[in-house]
Amino acid sequence: MRLRLGDQAPNFQAKTTEGPIDFYEFLGDSWGILFSHPADYTPVCTTELGKTALLKQAFEKRNVKALALSVDPLDKHFGWKQDINETQNCEVDFPIIADEDRTIAGLYDMIHPNASATATVRSLFVIGPDKTIKLMITYPASTGRNFNEVLRVIDSLQLTAKFSVATPANWENGEDVIVVPSISTEDAEKKFPKGLNIVKPYLRYTPVPE
Ligand code: BEZ
């Protein structure tokens with residue numbers, strides 16, 4: 001199924017290293033990242049899952065639950081998890097889905113046949129508490145994702161969900177944000193008491209509102 005931003009994230013039941021889950025129940029009121037990797041016991045994937053585990057507190061602070069997926073079976077996941085913990089100095093305690101029949105990979109369009117007929121690519125979905133898709137990224141097997149970038153995007157998504165702001169190129173948390181064009185400058189002055197920096201009528205910055 002082809003998913004797009006704003007679509008409802010499909011629910012599913014899965015076998016995972018932390019026991020069976022229902023995706024929506026697992027998420028509860030949290031944000032979520034659902035990310036696939038090509039295969040267990042592969043080098044790039046080992047570093048990606050290790051990095052996610054090491055960022056546990058950063059994800060928790062943002063109320064984000066991580067959920068990984070590959071099409072390998074559960075027993076393979078368990079063995080590989082030990083290697084990840086050993087080599088990446090971490091404790092993987094988020095669930096890794098064993099999607100052997102590729103049902104979830106199909107729901108989320110994680111197999112790109114011209115890249116690999118059988119393995120999932122590096123897809124990553126950020127899902128909001130309303131269970132809609134807020135972000136999708138897709139990397140090839142040979143390129144590990146930047147999980148600091150994933151956190152940065154989540155910071156932007158959470159901020160823009162709360163206030164009428166957007167975030168500029170290369171924005172990092174704490175830096176000034178952009179007032180969205182749909183807000184008049186008169187309204188923006190009331191809404192953002194920390195003040196406006198009006199560079200052009202359509203390019204207006206304000207400090208982070210909270
Ligand atoms: C990896 O995770 O290292 C990997 C997986 C498939 C192809 C290339 C690299």
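Details
- Relative to the longest principal axis of the Cα atoms of the chain, helix 147-162 runs at roughly 50 degrees.
- Here the Karplus relation 6.51 cos²θ - 1.76 cosθ + 1.60, evaluated at θ = phi - 60°, turns the backbone of region 16-23 into coupling constants of 9, 5, 9, x, x, 10, 9, 4 Hz, with x for every Gly and Pro.
- Links that overshoot a 20 Å alpha carbon limit, given the list Lys134/Lys191; Lys15/Lys76; Lys162/Lys200; Lys134/Lys200; Lys81/Lys134; Lys51/Lys81: Lys134/Lys191; Lys162/Lys200; Lys134/Lys200; Lys81/Lys134
- Net charge over other residues, Cβ less than 10 angstrom from the Cβ of Thr167 (K, R count +1; D, E count -1): -3
- Antiparallel content of DSSP bridges confined to the chain, in %, to 5: 70
- Of interest is the spacing of the C-alpha centroids, which for region 1-29 and region 91-162 amounts to 11 Å.
- Average Cα contact separation per residue, region 13-145, under 8 Å, 6 or more apart, as relative contact order %: 33
- Seen through its C-alpha gyration tensor, with square-root eigenvalues sorted a ≥ b ≥ c, region 13-145 comes out rounded because a/c lies under 1.5.
- Test item: Cα-centred dipole of region 51-210, Lys/Arg +1 and Asp/Glu -1 on Cβ, debye: 440
- Classified by the C-alpha gyration tensor, region 1-90 has a prolate form. Its axis ratio a/c, with a ≥ b ≥ c, is 1.5 or above, and a/b is larger than b/c.
- As a length-normalised measure over Cα pairs under 8 Å and 6 or more apart, the relative contact order of region 163-206 settles at 34 percent.
- Charge dipole (the chain, unit charges on Cβ, about Cα centre) - positive-most of Asn114, Asn173, Val64: Asn173
- Signed unit charges on C-beta, dipole axis of region 13-145, positive-most listed residue Pro43, Leu55, Cys90: Leu55
- The C-alpha atoms of the chain define a longest principal axis, and helix 43-54 lies at about 60 degrees to it.
- Segment Asn146-Asp22, length gained on full extension (0.36 nm per residue, minus Cα span): 41.9 nm
- With 0.36 nm allotted per residue and the present C-alpha distance subtracted, the Glu60-Asp93 stretch has 10.6 nm of extension available.
- Residues whose amide H falls under 5 Å from that of Tyr108, counting only those 5 or more places apart or on a different chain, are absent, with hydrogens built in the peptide plane.
- Helix axis angle, 74-88 relative to the chain longest principal axis, alpha carbon, degrees: 60
- About the Cα centre, charge dipole magnitude for region 163-206 (Lys/Arg +1, Asp/Glu -1 at Cβ), debye: 100
- Here region 13-145 is assigned +1 on the Cβ of each Lys and Arg and -1 on the Cβ of each Asp and Glu. Its dipole about the Cα centre then comes out at about 500 debye.
Laboratory data are not the source of any read-out in this text; all were calculated from the coordinates shown. Source: prediction; values computed, not measured. For neighbour counting, all protein chains shown are included, and Cβ atoms are generated from backbone atoms with ideal geometry for every residue, glycine included.
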